[in-house]
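Below is one structure, written out as structure tokens; the observations come after it.
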Amino acid sequence: QEQLVESGGGLVQPGGSLTLSCAASEILFSSGIMAWYRQVPWKQRELVADIAPGGTTNYAGSVKGRFTISKDHAKNTVYLQMNDLKPEDTAVYYCNAYYAKYYWGQGTQVTVSS
């Protein structure tokens, strides 16, 4: 059973930083496109960043220059380093993998507020 397990959400002040982690099964981590999405109740789920098996990355315009997606091959873990966080970054963040089909983590809440 392929799975994704997220951790690292929480409350942070504007301008602060937070790192999300997503532990993935071996096949998803090594062969799938790994990504982070986010969703607020009144909007569609949106792509934040993704990373291909070869390491090519892609970012939403709203987070480019502030967020970094990366992979730790020793831990089969994908990270989302979020810097200079803004209130509009508040959302539930979901880890995602695409390998023949889409797989989703359970989601982790990120709240940016003073």
Notebook entry, point to check: Where in the stretch 29-69 are there strands (runs of 3 or more DSSP E), lying fully within it, with 2 or more residues that are within 16 Å of Tyr99 (Cβ to Cβ), in contact with a Leu (Cβ under 8 Å, 6 or more places away or on another chain) and among the hydrophobic types (A, V, I, L, M, F, W, C)?
Noted result: 33-39
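Among the listed residues Val110, Val63, which satisfies the condition of being under 15 Å from Cys22 (Cβ atoms) and in contact with a helix residue (DSSP H, G or I) (Cβ under 9 Å, 6 or more places away or on another chain)? Even if it seems obvious, please write down each step before you answer.
Values: Val63 fails: under 15 Å from Cys22 (Cβ atoms).
Result: Val110 is the single residue among Val110, Val63 that is under 15 Å from Cys22 (Cβ atoms) and in contact with a helix residue (DSSP H, G or I) (Cβ under 9 Å, 6 or more places away or on another chain).
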Note to self: Report every pair of residues separated by at least 6 positions or lying on different chains whose Cβ atoms are under 9 Å apart, first residue within the stretch 11-22 and more than 11 Å from Val110 (Cβ to Cβ), second among the aliphatic types (A, V, I, L, M) and open to solvent by 50 Å² or more (accessible area, probe 1.4 Å).
What the structure shows: Ser21/Val5; Cys22/Val5
Notebook entry, point to check: Of all residues in the stretch 69-92, which are open to solvent by less than 10 Å² (accessible area, probe 1.4 Å) and either in contact with a helix residue (DSSP H, G or I) (Cβ under 9 Å, 6 or more places away or on another chain) or without any contact (Cβ under 8 Å) to a residue 24 or more places away in the chain (or both)?
Noted result: Val78, Met82
Margin query: Exactly one of these conditions fails for Ala97: (1) in contact (Cβ under 8 Å) with a residue 12 or more places away in the chain; (2) out of contact with any helix residue (DSSP H, G or I) (no Cβ under 7 Å at 6 or more places or on another chain); (3) in a strand (DSSP E or B). Give me its number.
Written below: (2)
Next item on the list: Name the single residue, out of those in the stretch 100-114 being out of contact with any Ser or Thr (no Cβ under 7 Å at 6 or more places or on another chain) and not in a loop (DSSP other than H, G, I, E, B), that is most open to solvent (accessible area, probe 1.4 Å).
Entry: Tyr102
Check: When the stretch 12-55 is examined, which residues are found to be of a type in the set (Lys, Arg) and surrounded by 13 or more Cβ atoms within 10 Å (Cβ to Cβ)?
Finding: Arg38, Arg45
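The values are calculated or read from the model by the stated rules, or taken from the named source; none is laboratory data. All figures in this text were calculated on a predicted structure; none of them were measured in a lab. Neighbour counts are summed over all protein chains in view; Cβ atoms, including those assigned to glycine, are modelled from backbone coordinates with ideal geometry. Note: accessible area is taken over every heavy atom of the protein model, side chains too, but ligands, DNA and RNA are not part of it. Shrake-Rupley method; radii C 1.70, N 1.55, O 1.52, S 1.80 Å.
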